[in-house]
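What follows is calculated from the coordinates using simple rules that are stated; it is not laboratory data. Not measured: the values here are computed from a predicted model. Note: ideal-geometry Cβ built from the backbone for every residue, glycine included; neighbour counts use all protein chains shown.
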Amino acid sequence: MATAASPSMALGAAGHVATARASAASRARAASSVGASTRFASPGSSRSPSLARRRVPHRRPVSRARVSAGPNESDASTADSRSTAADTDEEYDVIVIGSGIGGLSAASLLAKYGYSVKVFESHYLAGGCCHMFDHRDKDGGLWQFEVGPSIWEGLDRPTGNPLRMVFDALGEEMPVETYDGISMWTEEGHWRFQVGDDDAPGGFCDLLREKSTDPELAIKEWKALKNRLEPLYDALDACPLTALRQDAGLLVSTVIAIPFYLTHPKVMLDIPYILDSFHKLSQQYVTEPFLKQWIDMLAFFSGFPAEGTMGATMIYSIPGFHRPGASLCAPVGGTQAVVDKLVGALEKFGGTMELKKHVEEIIVEDGEATGVRLKGGRIARAKHAVVSNATVWDTIPLLPDRTELEAQGLPQAADWAEDMAEIPALGSIMHLFLGIDATGLPDLDPSHLAVLDWSRPLGDPQNVVTIFIPTVLDPAVAPEGKHIIHVYTAGSEPFDLWEGKDRNSAEYKAYKRERAQILWDTIERIIPDIKQRVEVEIYASPLTHQRFLRRHRGTYGPALKAGGRLFGTLPLPEVPQPGVLSPIPKLVRCGDSVFPGVGVPAVAASGAIAASTLAPLPKHLGLMWDVARAQGDFWKKNPTWMRDYHHGKNAPFHPRGQHPAGGAEHMKPEEFYLAAEAKTKISAFIGKGGLSDVAEEPIGGR
């Protein structure tokens, strides 16, 4: 499930520096002492072995005799040595491994900073978990299916959304379509969460009046919580994403926050709540059951309910969703359009990217990362840094083993690598991609969220389902008169259930249908006759995630809960995620397994932090000015934006064309669909393999 929103990730004072989680283990403390900032080394982030779910095997040294013939072919006399960056004339300032949103954000910003940048992407499509795939039906109709995030916020105007700020820094604009709410499907029936002004008709207060057990109490508690969050929200905005870096330059880049903190001194006492588990703040105000459930659901986009979600995420999300002018959005052209914008920015500033280029080794020599070796033997040298956008579990096997690291004087890095490999992982996702005949269907909400049973944990793999219908907002991604529907579980599908299954077997295909039944049950609540409308039907499993997205065990991300204590004992919260730096000089990471965590806004933030950390401070300050100027220019060009919003000129989409007269909506199926006649389903096309009743994978083949 994609995160709906994320904080600008401003932390304030010393909290900024603590972007690597410390462990009580003595070897982690030793690793913390290695940093030489001029070589981009920093304290390592260590995890207790007790957190391990499944250990990632450390890669053994790769003999260069195994490298295939090519421009870097070596002879048998070097068979026992590792690859070295000296073996190539191909050189860049920075090499980025992976083209997810985090990697592309880092790469494009580094290119803007003036570095020569090369991105190597293993897949034949850029975007990592955020991309689309094309499907042609037997009549030649083109369907463009969304693979990744479905709920976006804060791209339509200047906000603290890190991805929006990256676009502002790059001088790019991302056209979006906006809408005003999410349809919710629970055991009580259907209801609608409307963003924006709580007191507007159909707003959140109307919802609380209809759904809560004690409406007066729920509204009172809700407003008290919001009032408490407002100054913390402003504190995040005072020191935005573009100010963060992981070195001593942070003391200069964050001075922009000083005026706010001087005029709001009481906020300093609340700074720990930004880093701590959100439930420690929300439980002080919220007791009404329905409101508690909703806060847990909103937090769950991060992978955890309120208990375990970092406060910054909710401090940004709650006020952001419930302000006049708030809306949800979807990129025009789909998620691939976001990726294309970032790739375009990379190339605009002189960077380049190569697809279908799998990195097999991060070369470490003379005590620092110096380049990469690709599958097939090609070697590329990095003068300034190697940035890995791969997950932590997929990065560690690319490094030398303990013996080699220790031989290079990096014993702390060896400890760090072993501890990083033991970080626990969240589950994976089951997907159902549908192309349907939309005849007779009126406008539905683009986004739907189903919770089957509030009494079960939200992390139950068969309890929470997300549905996104992009063609409601952007019909161009499907043939005329058709809808595309993406139905998927909430990032908690156990990989163990799938491990070892033969993807070509009948058993595997049957098991996909069995595990996807919850997806069918959910979408049938919205469109009861959907099976008669289906023209394209494609499934994806955790094995699909593992294979095509190159993600360890197909994981949604790291299972790093907020709420721990600094150094295990101090009465201050620790940041649950590691920082972007590593104990290996010139090796930097970004993506969802570093701070600030899971979700599109968070990974964009990680990419920006990585880029700014590598850049000289004066260039970083210049980029901050570019963002501020871009945001100011927007409001100069659109001075009536808010007024137009309230008068309908740029009001977000609503399924009935206008806001309801009052109260949360309760729609029955017969009120919004007309049954279609039964017909034969068109078989799905599988890459170059012909026709089948169900496509094996949603992202083609290699």
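Which of the peptides 357-365, 95-103 is most tightly packed, and how do the rest follow, judged by the mean count of other Cβ atoms within 10 Å per residue?
On the way: 357-365: 21.4, 95-103: 31.0.
Sorting 357-365, 95-103 by mean packing, highest first, produces 95-103, 357-365.
Taking other C-beta atoms within 10 angstrom as a stand-in for reagent exposure, Cys129, Cys239, Cys590 fall in the order Cys129, Cys239, Cys590, fewest first.
Tell me whether the stretch 230-357 comes out rounded, prolate or oblate; compute the Cα gyration tensor, take square roots of the eigenvalues as a ≥ b ≥ c, and use a/c under 1.5 as the rounded threshold. Note, shape of the stretch 230-357 comes out oblate.
In what order do Ser505, Ser593, Ser150 fall by count of nearby beta-carbon atoms within 10 Å, going from fewest to most? Present the calculation step by step, with values, prior to reporting the outcome.
Values: Ser505 10, Ser593 30, Ser150 23.
Arranged by neighbour count, lowest to highest, Ser505, Ser593, Ser150 become Ser505, Ser150, Ser593.
Less than 5 angstrom separates the built amide H of Ile151 from those of Ala2, all sequence-distant by 5 or more or on a different chain. Counting only residues at least eight positions apart within a chain, or on another chain, the aspartates and glutamates with an alpha carbon under 17 Å from that of Lys112 are Asp93, Asp168, Glu172, Glu173, Asp340, Glu347, Asp626. Computed from the Cβ-Cβ distance with R0 of 35 Å, the FRET efficiency linking Ile258 to Arg209 stands at 0.25.
Approximating the spin labels as points 7 Å out from Cα along Cα→Cβ, the Arg136-to-Asp89 distance works out to 4.1 nm. Round to the nearest 0.05 the FRET efficiency obtained for Tyr511 and Gln532 when R0 = 22 Å and r is the Cβ-Cβ distance. The value I calculate is 0.30. Sequentially through the stretch 632-639, phi angles give Karplus couplings (6.51, -1.76, 1.60; θ = phi - 60°) of x, 5, 4, 6, 5, 7, 10, x Hz, Gly and Pro residues having no value and appearing as x.
Mind listing the long-range amide H neighbours of Val119? Cut-off is under 5 Å, sequence gap 5 or more, other chains count too, H placed in the peptide plane at 1.01 Å from N. Distant-sequence amide H within range of Val119: Val96, Thr352, Met353, Glu354.
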